[in-house]
Amino acid sequence: LLIDSSPRGENGYTSMYCNQIEQFIKEKDVEVNRIVLSKYKIQKCLGCFHCWLKQDGECIIKDDAIELYHTYEQADLIIYAFPLYVYGVPGLLKNFIDRGVMRQYQYFEKGVFEVRHPRRDKKNRAFMVFSICGFPSFSQFDSVKHFFRLYSHSSHSPLVAEIYRPAGIFLVQNP
């Protein structure tokens, strides 16, 4: 599952790179399901814990996040692709990730290096990160790297690859 998380959707540089990623994967005879998050209505998590208190894992917000997470749960590999926004992920992607709390149980379990919530879905999947920014320095991605390593632990999904591309705009003229 390739999640293109650029707020500019198909008009951004992230989409241009997603096209290349998608083409490369398809050439390996692997099915790719691509989601352009900007085409969907995803509200922010309210922190109401309805999904936990009713213990059914269903969010009270009726928007596209529920459908997208059904697609998410079928995937073997999740690729989060996004432009760097103020040293982090765009709000659109953060809202999607936050809404994933409905995919976890409310109680804690011992994790690899700290406690975490067990997930409802037991399918093994991994994820990778692809991000670009306009700045010329790799240090711009430091907080994103830390975020996704913590997210890997809490989501029970190994982070198998990270691709960070500073000065991504310049690759358009010189791929």
For region 1-34, which positions are within 14 Å of the chain's Cα centre (by Cα) and either buried (at least 18 other Cβ atoms within 10 Å of the Cβ) or of a type in the set (D, E) (or both)?
L1, L2, I3, D4, S5, S6, T14, C18
On the basis of being among the hydrophobic types (A, V, I, L, M, F, W, C), in contact (Cβ under 8 Å) with a residue 60 or more places away in the chain, open to solvent by 60 Å² or more (accessible area, probe 1.4 Å) and in contact with a strand residue (DSSP E or B) (Cβ under 9 Å, 6 or more places away or on another chain), does I132 make the cut?
no
Taking E73 and the conditions (1) within 24 Å of K145 (Cα to Cα); (2) under 15 Å from the mean Cα position of the chain (by Cα); (3) open to solvent by 60 Å² or more (accessible area, probe 1.4 Å); (4) at pLDDT below 95, which numbered condition does it fall short on, given that it satisfies the others?
(3)
Confirm whether L84 is in contact with a strand residue (DSSP E or B) (Cβ under 6 Å, 6 or more places away or on another chain), under 22 Å from S5 (Cβ atoms) and open to solvent by 20 Å² or more (accessible area, probe 1.4 Å).
yes
How many residues does region 39-60 contain that are buried (at least 18 other Cβ atoms within 10 Å of the Cβ) and either modelled with pLDDT of 95 or more or among the aromatic types (F, W, Y) (or both)?
2
Output the number of the condition that K26 fails; it satisfies all remaining conditions of (1) part of a helix (DSSP H, G or I); (2) out of contact with any Lys or Arg (no Cβ under 7 Å at 6 or more places or on another chain); (3) charged (D, E, K, R); (4) touching a residue at least 12 places away in the same chain (Cβ under 8 Å).
(4)
Listed by first then second residue, the pairs whose first member lies in region 147-162 and is of a type in the set (D, E), whose partner is buried (at least 16 other Cβ atoms within 10 Å of the Cβ), with beta carbons under 6 Å and at least 6 positions apart or on separate chains, are E162/V129
Could you look through region 103-129, keep only residues that are over 29 Å from V32 (Cα atoms) and of a type in the set (D, E), and pick out the one that is most open to solvent (accessible area, probe 1.4 Å)?
E114
Which numbered condition L159 fails, given (1) open to solvent by less than 30 Å² (accessible area, probe 1.4 Å); (2) in contact with a strand residue (DSSP E or B) (Cβ under 8 Å, 6 or more places away or on another chain); (3) among the aliphatic types (A, V, I, L, M):
(1)
Hey, among E58, E31, which residue is out of contact with any helix residue (DSSP H, G or I) (no Cβ under 7 Å at 6 or more places or on another chain), more than 29 Å from F135 (Cα to Cα) and outside any helix (DSSP H, G or I)?
E31
Do we find a residue being within 20 Å of G57 (Cβ to Cβ), open to solvent by 40 Å² or more (accessible area, probe 1.4 Å) and touching a residue at least 12 places away in the same chain (Cβ under 8 Å) anywhere in region 95-102?
yes
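The values are calculated or read from the model by the stated rules, or taken from the named source; none is laboratory data. Note that this is a predicted model, so its numbers are computed, not measured. For neighbour counting, all protein chains shown are included, and Cβ atoms are generated from backbone atoms with ideal geometry for every residue, glycine included. The accessibility values were calculated without ligands, DNA or RNA, using every heavy atom of the protein model including side chains. Shrake-Rupley method; radii C 1.70, N 1.55, O 1.52, S 1.80 Å.
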